[in-house]
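First up is the structure itself, then whatever we jot down about it.
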Amino acid sequence: MAKIKTAKQMERHLKGMSNHHRIEILLLVGKQSGITLDQIIGLLNANPKTIGEHTRRLHNAGLINKKYKGKFVQHSLSPYGKTFYNFLKAFQNLTQ
């Protein structure tokens with residue numbers, strides 16, 4: 001039987017994606033599993049240090065996985081990341 005998450009546990013995941021760069025990164029990783037940091041930086045046209053920090057925070061929040069391939073780091077969504085990705089896609093398409 002699945003354990004219900006506490007408010008504190010949910011806060012960790014919500015804070016993990018509470019930035020427009022992190023939302024953009026999560027959406028990119030959801031579309032392109034295995035995307036590298038260099039590819040993310042190029043697609044978002046953003047500062048490498050900024051994007052590196054935001055991917056680190058997403059990883060620490062348990063929303064993305066990192067896989068080291070030589071000098072590159074590939075990113076994919078964790079199971080929680082997939083849940084948040086689906087939520088963001090649904091939310092993005094809502095109309096009033």
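Of everything in region 74-96 that is in contact (Cβ under 8 Å) with a residue 12 or more places away in the chain and of a type in the set (Phe, Trp, Tyr), the residue that is surrounded by the fewest Cβ atoms within 10 Å (Cβ to Cβ) is 80. All of (1) touching a residue at least 24 places away in the same chain (Cβ under 8 Å); (2) touching a helix residue (DSSP H, G or I) at 6+ places or on another chain (Cβ under 9 Å); (3) of a type outside the set (A, V, I, L, M); (4) surrounded by fewer than 15 Cβ atoms within 10 Å (Cβ to Cβ) hold for residue 34 with one exception: (2).
Take the conditions in a loop (DSSP other than H, G, I, E, B) and out of contact with any Pro (no Cβ under 6 Å at 6 or more places or on another chain) and apply them to residue 90. Does it pass? For residue 90, the condition - in a loop (DSSP other than H, G, I, E, B) and out of contact with any Pro (no Cβ under 6 Å at 6 or more places or on another chain) - is not met.
Return the only residue of 66, 49, 71, 3 being surrounded by fewer than 12 Cβ atoms within 10 Å (Cβ to Cβ), farther than 20 Å from residue 92 by Cβ, at pLDDT 95 or above and over 9 Å from the mean Cα position of the chain (by Cα). Walk me through it before giving the result.
On the way: 66 fails: surrounded by fewer than 12 Cβ atoms within 10 Å (Cβ to Cβ); 71 fails: at pLDDT 95 or above; 3 fails: at pLDDT 95 or above.
Answer to the check: 49.
The values are calculated or read from the model by the stated rules, or taken from the named source; none is laboratory data. Note that the structure is a prediction, hence the values are computed from the model and not measured. Reconstructed Cβ throughout: ideal geometry from the backbone, glycine too, with neighbour counts over all protein chains shown.
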